[in-house]
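Have a look at the structure below before the remarks.
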Ligand code: SF4
C-alpha cells in the first residue's frame with residue numbers, strides 16, 4: 001500500500017473538500033411556506049422526507065439536480081437550492 005507523504009495528505013484533503021464544495025449544494029426548506037403536499041418527496045425520495053408534522057425536510061444534499069427539479073415543482077416555492 002502506498003503511504004502518502006504528509007504534504008500529499010494535506011493536498012488530498014484540500015482537494016476532497018473542494019470537490020465536495022463543487023458537487024454539493026445547500027438545500028433548504030422554508031417550513032413556513034411548506035404545505036406538506038409531498039411533491040418533493042415523490043420527485044426526490046433520497047433528498048426529501050415528510051415529517052410527522054406534515055412538513056418537508058432535507059435528508060441529503062447530494063443530488064442538487066433533483067432538488068432543482070423539485071424546487072421547480074413545489075407549488076409554494078418552499079425549496080431553496082443554493083449553488
Ligand atoms: S413540494 Fe413544497 S410544499 Fe410540497 S412538501 Fe415539498 S416543500 Fe412542501
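Remarks
- Full-stretch length increase - residue 28, residue 76 - with 0.36 nm per residue and alpha-carbon distance subtracted: 15.9 nm
- Using a cutoff of 8 angstrom between alpha carbon atoms and counting only pairs six or more residues apart, the relative contact order for segment 25-82 works out to 46 percent.
Each reported figure results from applying straightforward, stated rules to the coordinates on display, with no laboratory input. All values reported here derive from a predicted model rather than from experimental measurement.
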